[in-house]
Amino acid sequence: MSTATLAAASLNLEPANESGMDQLLEIAMGPQHPSTHGVFRMNVVLDGERVVRLKPVFGYLHRNHEKIAENETYLGSMPYTDRLDYMCPLTNNWAYALAVEKLAGIQVPERAEYLRVITGELTRLQNHTCLIGFLMQDMGASGTPLMYAFRQREIILDLFEALTGARMMCNYMRFGGCRVDLPAGWLDQAKKVVAGFPRFLDEYESLLVSNEILMDRTQDVGVLSKELAISAGISGPMARASGVDYDIRKVDHYSIYDRFAFRVPLGSHGDVYDRFMIRLLEMRESVNILQQAMRDIPEGPIVDPKTKIRGFRPKPGEAYGRIEGPKGELGFYLVSDGSPNPYRYRVRPPSLINLTILEDLCLGRNVADIVVILGSIDIVMGEVDR
Amino acid sequence: MNLEAIKSEIEANVPGCRLELIANPSPSGQHSLLLDAEHASAVALYLRDTPNLRFDFCSNITGIDWPGKEVSQKIKVRKLVDGVEQEVEETRITTIPGSLEVVYHLYSVEKKHGPIVLRMRTKDRDAGVHLPSFTPIWRSAELQEREIFDLFGVLFDGHPDLRRLLMWDEFQDYPMRRDYVDPDDYEYEPTAHDAVLQRARQHLSQANPVQPSEGEAR
């Protein structure tokens, strides 16, 4: 008996014939695998190189964020939200603040809305650049694209540090506004960064978009149909790559996105290449929004003075607030019973729900394609496992 | 989007369904519809497929635990006290049974409206925790219902693959319930190392039982 047959026997997988050539092999990709972007495991059953079954295994980073938040005051959870999707702390803050503002009926001053849009769109820029860098890394373009992305991300993180005091754990938003106003010279620096961004995008695009290897590895790989995308609750760039015309910035009219002219790029094939292209195009639109927002930002207060910080108790009731996060629809659902802690606190994690269709995309593909498909979904385990 | 109108529309088209409008006093104004478990799937299908509604996007599903509670009420009763009829104040305790609630937030990608909030309640928190699964209607329910099963212990009938999502399969309790108590030890498979330590501790205490020293205040 060969070793392979022994392994198959121990997994209760019957070889299809005596020669043992058609047998199935079960392998565990992860939790410590360089392509899984954290501690995430996929139990893959292979027929040769072809994927027959794929079951994702979650929970390695589970710390029950929701339970922690229920034992914490409303504001006390704000720093925890940074740790959900640690690539985009500011949009997490924003979604949570938005949900609480809906729950308690808080108005946000004009300038604070602009600050939110500026920091939120900067977050989107750095998330998308890094995602593309990681995707290239997963595909074997070792180093260069990722380092280009990280160079650009560093500049944006410097802006975050100057504004909030932290590069990643920003804890910047407050209910009814933001924590601190812009430091002197910040806006000029940010304008410079944003003005330089299209040049970086041009460079990045000329390196990647028509690269033959990239096209070969990504086109017609992991095709997600429009119908399945809607039914499976796929949101964000992932859904738009499949042609789902749904951008919460346009649909919900939250914050002040109505004031900015920007387009929503849509894909037509729903494959990995479209997902990659959508992110590139979205970055250009984000640059557009940023330029308009930084031109129009008014002076004024940055936080609603009527909102109490100590003894903040929303009246009993519930609210679901959501924003278009860089990864998809990021929502917070809160139930208040009138006490200082939320009775129920729920995060709607776009990363987790976008993983619903992972098996559908990978069936029949090679192992190397799993890596690329997973990379194009854009997950952060801090948010998937919460 | 008028929830009252949607409610009467559903009631007219799904025979036998019992809907209840749950008002939300918060400024968010997101009122919800309480479905009965029996007709829930039919109502969900109606909401998804009717051309003027088309709630094709089930965004968020979550559970809420409402443990049973005792409410004490002071009421005045007329009673014979020492042969004289008097008005006496009495405390009456009523028990409100607990339940697990599942909340759905639906949107429409096609019509770009929403949200509509649906909820369902289980009969109790022990044996009657069954609710119909919405996974056949919206795929996005697949992982979210698994999470609710994992953390709250709601059993979704008709779910194709109802396993724990975040906790490990051998875990017993439901961590998001309000009356959950942390286990003493999170190690799900006690290692030999622990057993050896425990034996050593037992051995030590038998060989050299700890005596309270005399001067120590107990």
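The values are calculated or read from the model by the stated rules, or taken from the named source; none is laboratory data. Please read these numbers as outputs of a predicted model, since none were measured by experiment. Neighbour counts are summed over all protein chains in view; Cβ atoms, including those assigned to glycine, are modelled from backbone coordinates with ideal geometry.
Remarks
- Tally of residues being assigned to a helix (DSSP H, G or I) and at pLDDT 80 or above across the range B:168-200: 0
- All positions within the range A:208-230 that are modelled with pLDDT under 90, outside any helix (DSSP H, G or I) and not hydrophobic (A, V, I, L, M, F, W, C): A:Ser210, A:Asn211, A:Gln219, A:Asp220, A:Gly222
- Test for A:Pro342: is it within 12 Å of another protein chain (Cβ to nearest Cβ), of a type outside the set (Ser, Thr, Tyr), crowded, with 24+ Cβ neighbours inside 10 Å and over 21 Å from the mean Cα position of the chain (by Cα): yes
- Residues (in a helix (DSSP H, G or I) and more than 14 Å from every other protein chain (Cβ to nearest Cβ)) located in the range B:9-51: B:Glu9, B:Ile10, B:Glu11, B:Ala12, B:Asn13, B:Ala40, B:Ser41, B:Ala42, B:Val43, B:Tyr46
- From the options B:Gly83, B:Gly68, B:Gly98, residue that is farther than 21 Å from B:Glu147 by Cα and in contact with a Pro (Cβ under 8 Å, 6 or more places away or on another chain): B:Gly68
- The one condition in (1) within 14 Å of chain B (Cβ to nearest Cβ); (2) more than 25 Å from A:Gly364 (Cβ to Cβ); (3) among the acidic types (Asp, Glu) that A:Asp258 fails to fulfil: (1)
- Residue in the range A:49-63 that is surrounded by 18 or more Cβ atoms within 10 Å (Cβ to Cβ) and modelled with pLDDT under 85 present: no
- For the range A:363-385, the count of residues that are farther than 30 Å from A:Arg263 by Cβ, within 14 Å of chain B (Cβ to nearest Cβ) and in contact with a His (Cβ under 6 Å, 6 or more places away or on another chain) is at least one.
- Here the strands (runs of 3 or more DSSP E) wholly within the range B:52-135 that include at least 1 residues being facing another protein chain (nearest Cβ under 10 Å) and modelled with pLDDT of 80 or more are B:57-66, B:99-107, B:116-121.
- Residue match in the range A:159-179 (condition: assigned to a loop (DSSP other than H, G, I, E, B), farther than 21 Å from A:Tyr96 by Cα and in contact (Cβ under 8 Å) with a residue 24 or more places away in the chain): no
- Residue in the range A:130-150 that is part of a helix (DSSP H, G or I), within 23 Å of A:Ile256 (Cβ to Cβ) and either under 17 Å from the mean Cα position of the chain (by Cα) or not hydrophobic (A, V, I, L, M, F, W, C) (or both) present: no
- Verdict on B:Arg48 being closer than 21 Å to A:Glu70 by Cβ, surrounded by 12 or more Cβ atoms within 10 Å (Cβ to Cβ) and not polar (S, T, N, Q): no
- Scope the range B:136-154; condition within 26 Å of B:Pro97 (Cβ to Cβ), in a loop (DSSP other than H, G, I, E, B) and of a type outside the set (A, V, I, L, M); matching residues: B:Gly153
- Taking the criterion of being facing chain B (nearest Cβ under 10 Å) and either over 11 Å from A:Thr91 (Cα atoms) or among the aromatic types (Phe, Trp, Tyr) (or both), the residues of the range A:313-327 that qualify are A:Pro314, A:Lys315, A:Pro316, A:Gly317, A:Glu318, A:Ala319, A:Tyr320, A:Gly321.
- A:Arg310 vs. criteria without any contact (Cβ under 8 Å) to a residue 12 or more places away in the chain, out of contact with any Phe, Trp or Tyr (no Cβ under 7 Å at 6 or more places or on another chain) and farther than 22 Å from A:Ser268 by Cα: yes
- Taking the numbered list (1) under 23 Å from the mean Cα position of the chain (by Cα); (2) not in a helix (DSSP H, G or I); (3) not hydroxyl-bearing (Ser, Thr, Tyr) in turn, A:Leu182 passes all entries but (1).
- Residues satisfying the stated conditions in the range A:160-218, i.e. among the hydroxyl-bearing types (Ser, Thr, Tyr) and surrounded by fewer than 18 Cβ atoms within 10 Å (Cβ to Cβ): A:Ser206, A:Ser210
- Listed by first and then second residue, the pairs linking a residue in the range A:51-74 that is over 19 Å from A:Leu355 (Cα atoms) to a residue that is assigned to a loop (DSSP other than H, G, I, E, B) and of a type in the set (S, T, N, Q), with Cβ atoms under 7 Å apart and 6 or more places separating them unless they lie on different chains, are A:Glu70/A:Asn341; A:Asn71/A:Asn341; A:Glu72/A:Asn341; A:Thr73/A:Asn341.
- The residue of the range A:266-302 that is farthest from the other protein chains (Cβ to nearest Cβ), among those that are outside any loop (DSSP other than H, G, I, E, B) and without any contact (Cβ under 8 Å) to a residue 60 or more places away in the chain, is A:Arg295.
- Within the range B:137-155, being over 19 Å from A:Val347 (Cα atoms) and more than 10 Å from chain A (Cβ to nearest Cβ) holds for one residue alone: B:Leu155.
- When the residues of the range A:236-251 are filtered to those that are more than 9 Å from chain B (Cβ to nearest Cβ) and assigned to a loop (DSSP other than H, G, I, E, B), the one that is surrounded by the fewest Cβ atoms within 10 Å (Cβ to Cβ) is A:Gly243.
- Where A:Leu266 falls short, out of the listed (1) touching a Gly at 6+ places or on another chain (Cβ under 6 Å); (2) hydrophobic (A, V, I, L, M, F, W, C); (3) surrounded by 21 or more Cβ atoms within 10 Å (Cβ to Cβ): (3)
- Residue check, A:Pro305 within 12 Å of chain B (Cβ to nearest Cβ), assigned to a loop (DSSP other than H, G, I, E, B) and either at negative phi or among the charged types (D, E, K, R) (or both): no
- The criterion of being of a type in the set (S, T, N, Q) and away from chain B (no Cβ under 13 Å) does not hold for A:Asn354.
- Residue check for A:Gly233: under 19 Å from the mean Cα position of the chain (by Cα), surrounded by 24 or more Cβ atoms within 10 Å (Cβ to Cβ) and assigned to a loop (DSSP other than H, G, I, E, B): yes
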